[in-house]
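What follows is a set of notes on a single structure, which appears directly below.
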Amino acid sequence: MAGFIRFLLIVLLVYLITILFLRYIFPFILRLFVKRMSDRARKQFEREYRKEERQKKGDVSIDYQPPASKKIDKDAGDYIPYEEMNE
């Protein structure tokens, strides 16, 4: 009987801790996360906006650089000449 009461107390304690976490702590953590993400987005937007302001009207800027082409070594393989045979 004492084991059953102990089990019920543990279950009740876990339930209460879960309720407190979901009601008070989880929203607080979620607010901090959302605030941090919105601050990052705002800073990135401001950085891009300032970049556009610095450019003069009519200037062209290219942000893309194509990847460097791979150089193939001429001695990298064997060249095998072949002839078509008509039979």
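The values are calculated or read from the model by the stated rules, or taken from the named source; none is laboratory data. All values reported here derive from a predicted model rather than from experimental measurement. Quick reminder, even Gly has a Cβ in these numbers, built from the backbone with ideal geometry, and neighbours come from all protein chains shown. Accessible surface is based on the protein model in full, side chains and every heavy atom, while ligands, DNA and RNA are left aside. Shrake-Rupley method; radii C 1.70, N 1.55, O 1.52, S 1.80 Å.
Within the chain, what is the number of lysine pairs with alpha carbons under 29 Å apart, leaving out pairs fewer than eight places apart on the same chain?
Working: LYS35/LYS43; LYS35/LYS51; LYS43/LYS51; LYS43/LYS56; LYS43/LYS57.
Qualifying lysine pairs in the chain: 5.
With every protein chain present, what accessible area does ASP59 have (1.4 Å probe, heavy atoms only), rounded to the nearest 10 Å²?
90
At 1.4 Å probe size, what's the solvent-accessible area of PHE28? Round to the nearest 10 Å².
For PHE28, solvent-accessible area is about 110 Å².
Picking from ARG42, ARG23, ARG50, which is most flexible by a Gaussian network model of the chain using Cα springs under 10 Å?
Looking only at ARG42, ARG23, ARG50, the largest GNM fluctuation is found for ARG23.
For the chain, which whole percent of the accessible surface, found with a 1.4 angstrom probe, sits on carbon and sulfur atoms?
Numbers: 6090 of 9930 Å².
Result for the chain: 61 percent of the exposed heavy-atom area is carbon or sulfur.
Three principal axis extents, largest first, for the C-alpha atoms of the chain, in Å?
Largest first, the chain extends 97, 62, 26 Å along its Cα principal axes.
What nm value, rounded to one decimal, do you get for the distance between GLN65 and ILE29 when each label is placed 7 Å out toward the C-beta?
4.2
Where does the chain land at 222 nm, in deg cm²/dmol rounded to the nearest 500, when only DSSP H runs of n ≥ 4 count, each adding -39500 (n - 2.57), divided by all residues?
Working: 2 runs with 48 residues, N = 87.
It lands at -19500 deg cm²/dmol.
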